Amino acid sequence: MNKHPARDEILGQVRAALGRRAETSVANVPASARVGPRQAGDANGEIEMLLGEIAKLGGNPRHLESKADLEAALENLVHEEGVKKATMWQTSELKELGVAEYLGTLGVEMISPHADRDQLADCDLGVTGVDAALPETGTLVLRSNPEKPRLVSLLPRVHLAILYPPLLDADLGTVLDKLRDDSCVTFITGPSRTSDIELTVTIGVHGPKALHVWIVEKTDRS
Amino acid sequence: MSAIPTHIDFRRNVQSVEPQVPASVRKATTRFLDTRAAVVDVIGQESWQALRQAGHDVRLHTINHLDYYLARLEEEVTRAGGHVHWARDAQEANRIVLEIAQEHRVKRVVKAKSMVTEEIGLNRTLVDAGVQTLETDLGEYIVQLAGTGPSHIMVPAIHLTKEGIADLFREKLGLDALPEAARLAALARAQLRQEFLAADMGITGANFLVAETGTLVLVTNEGNGRMCTTLPPLHVAVAGIDKVVPDLESLNVLLKLLPRSATGQKMSAYTAFITGPRRTEEENGPKEFHLVLLDNGRTIILQDEITRETLLCIRCGACLNVCPVYNHVGGHAYGFAYSGPIGAILLPQLVGTKVAADLPFASSLCGACADICPVKIPIVEILLRLRRRVVEGDTVEPAVSPATLRLGVQMVARAMSIPWLYDLAGQLLRIAQAPFRRGAWLPSLPPPLNRWTMARPLPALRADWRAAWRRRTPEGRTRQRRIRIALVAALASAAAYVGWRLIQRQDRGE
């Protein structure tokens, strides 16, 4: 008895159609199917490019020079977006920045990122870090692991992503190589959008309605 | 949702296209072409052409080693903790998905946009079995409410106005909304948010399947794809076997081509790389991941070396946007899930030339589609190959056109390759058209030629240009006179011969 009739039939038909007798044991992608990487410009230029692309897409980018800047920005964000409840990734970088504590002093209730999904959906703000960023397209790369639950960047009404300049990558090709180990990696390029109704660009369909991206200079971290 | 058709009558479908459709279709296609041109300019023509060539090469390499990459993909998805299923046809794929749903007592399914589930008619199978199945892409949600199929790969509800959508929401959901895009989107968001949180199973298609890592790549904009693959405890992805790519590095080319060609975006809002189910409960995501690999005619497409390249398609929709035929008739005229030039070459191969014999002819062969295609599919060559298949048959399928058409085409081909016969045929047609001619036009012709004159008059054959050319010199005039005399003599003797034979036959009969 054949355990996988459909599998064997389909692979058999593929081989017959390609004129092969046996299983192919090796295939090498031709060099012509590859393109060279984009070269990065100077560091500041790259940061400007990333923030510029995100702004063009309807996101809210900021470049913060110091911890004082960060606190002022948080205060501003909480007032502007009317943040009452927030949730956050539990990474050491975000903890060191003291984001949760400062949000607490602003009267924001912090919800554990491992809370019930209904509670997360009820959050106004989700704060995440960023694992890599692509200036050319304005893309943020977010990995997934127990410290970095996927729902934090998905369910809350507002998504705030905080990153450091060294995380900028010149090219998609170099970023892709870092994706091997995770069950889920998400590229986020601007806020959730649609043009499905008469091609009118509408921001905030199913994902967060607003995306804030802050680049924080690392020297000021402590 | 469109049913799998038994016959696609493109001409009849075209006649039922509503008058506002071409205008709204063109508004969308023009927008996409403009934004696409802008992002291609940023990259630069030279780099863009190099990307297209690399895209073509990586896709063709994959398709030419499809057995290897499929086996590798299965191995890696399984290693990551996912389950791989194989489906020979639509029915088998539907049965597999339904069985997974029933095993897990699934009551509510949320779906992200997927052409392939449209191709197999999955929603009907699930709904018939009592499983609530909801499209969550805004455009798909709207066309599902309307009870029709998508009319454009990227913008399924391109044929509907905001007023029409507001009416639809009032009628089907009992919700009052001003006909404004933002308001309507907000209403859909609120409705669907509850559904996402309550769903037992998420169904998606796949933009790419990475053999090297067993990764499913989903390119989306609204966030519904992320919802479908993160919230429900069960994720089922259905994908054609042509969706596989060798490795992550291949995506360096393909992810640069796809969003730019499709919507003129440098990158879509969300691109998700999913490798198996979640590894820990804390990181969120589904407990189980299933991948259904669908053949449904794709191995047949593989048999012919020219039409094989149809499988390179990455479903960007750029060929629709640029196609003069699509721009006039919209997606529904093609009668099934895929439309435009890619539909014209894919559908006859997926559902058989017998069902879709019209479609390879639904093109002016202008070639704009092949020029814009990000993976350089030779669409014109494939159209011609399929036209030949319809009329003459080939190793893949026998001819399906009526014998009279085949005979007619063969005769025309013969006449056109022999100069004197071509001349003679021209002269004869000019005589034959006389009873139907009204000035410069032939307003109506007897069957089967009335297929043309039902729609528009045929211009009458007029002066013989070659004869006029010959008459420009005295020697030519003499020669032309001789030709005319020879022709009249030949016709007269042919008529006399036919008459004589008829008289003889009558004599014998009596």
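The values are calculated or read from the model by the stated rules, or taken from the named source; none is laboratory data. Being a predicted model, the structure only gives us computed values, none of them experimental. Neighbour counts are summed over all protein chains in view; Cβ atoms, including those assigned to glycine, are modelled from backbone coordinates with ideal geometry. Just the protein is used for accessible areas: all its heavy atoms, side chains included, with ligands, DNA and RNA removed. Shrake-Rupley method; radii C 1.70, N 1.55, O 1.52, S 1.80 Å.
Quick rundown of the values:
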read-out	value
Ellipsoid equivalent to the range B:10-300 - semi-axes via the Cα gyration tensor, in Å	29, 27, 19
Expected 222 nm ellipticity per residue - DSSP helices of 4 or more, -39500 (n - 2.57), all of the protein assembly as shown, to 500	-14500 deg cm²/dmol
Whole-angstrom gap from the range A:19-60 to the range A:181-203, using each part's C-alpha centre	19 Å
Paired Rg and Dmax values of the range B:464-510, which use every Cα atom, in angstrom	17.3, 55
Paramagnetic reach from B:LYS107 in the range B:121-142 [backbone N under 12 Å; point 7 Å along Cα→Cβ]	B:131-132
Theoretical FRET efficiency, 1/(1+(r/R0)^6), r = Cβ-Cβ of B:ASP167 and B:GLU282, R0 41 Å, to 0.05	0.35
Packing rank of B:126-133, A:157-164, B:426-433, where each peptide gets the mean count of other beta carbons within 10 Å, highest leading	A:157-164, B:126-133, B:426-433
Long-range tail of P(r) for the range B:407-462 (Cα pairs > 17 Å, %)	46 percent
DSSP beta bridge pairing in the range A:43-220, given as percent antiparallel to the nearest 5	30 percent
The protein assembly as shown: radius of gyration over Cα atoms, expressed as a fraction of 2.2 N^0.38 Å	1.13
Separation of the B:THR30 and B:THR6 label points, Cα + 7 Å toward Cβ, nm	4.2 nm
Prolate/oblate/rounded label for the range B:186-321 (Cα gyration tensor, a/c 1.5)	prolate
Where only C-alpha atoms are counted, convex hull volume of the range A:43-220 per residue in Å³	121 Å³
Gap separating the Cα centres of the range B:62-130 and the range A:70-103, nearest whole Å	41 Å
Area accessible to solvent at B:MET411, 1.4 Å probe radius, in Å²	120 Å²
Inter-label distance, nm, simple model (7 Å from Cα along the C-beta direction), B:LEU429/B:ARG95	5.3 nm
Accessible heavy-atom area order of A:LYS85, B:LYS27, highest first, probe of 1.4 Å	B:LYS27, A:LYS85
Lysines whose Cα lies under 17 Å from that of B:LYS256, excluding same-chain neighbours fewer than 8 positions away	B:LYS243, B:LYS266, B:LYS376
Inter-label distance, nm, simple model (7 Å from Cα along the C-beta direction), B:SER444/A:GLU9	5.2 nm
Rounded to the nearest 10 Å², the accessible area of B:ILE503 at probe 1.4 Å	100 Å²
Cross-link reach list, aspartates and glutamates versus B:LYS113, counting only Cα pairs under 15 Å and skipping chain neighbours closer than eight places	A:ASP196, B:GLU135, B:ASP137, B:GLU140, B:GLU222
Ratio Rg/Rh [Cα only; Rh per Kirkwood] for chain B	1.09
The range B:212-289 and the range A:108-157: distance between their alpha carbon centers, rounded to Å	18 Å
Bridge type composition, the protein assembly as shown - antiparallel percent by DSSP, nearest 5	35 percent
Selected from A:ALA170, A:ALA132, A:ALA43 as most flexible by GNM, with chain A as the system and alpha-carbon contacts under 10 Å	A:ALA43
Disulfide-incompatible cysteines by the Cβ rule (no partner under 4.7 Å) in chain B	B:CYS228, B:CYS313, B:CYS316, B:CYS323, B:CYS366, B:CYS373
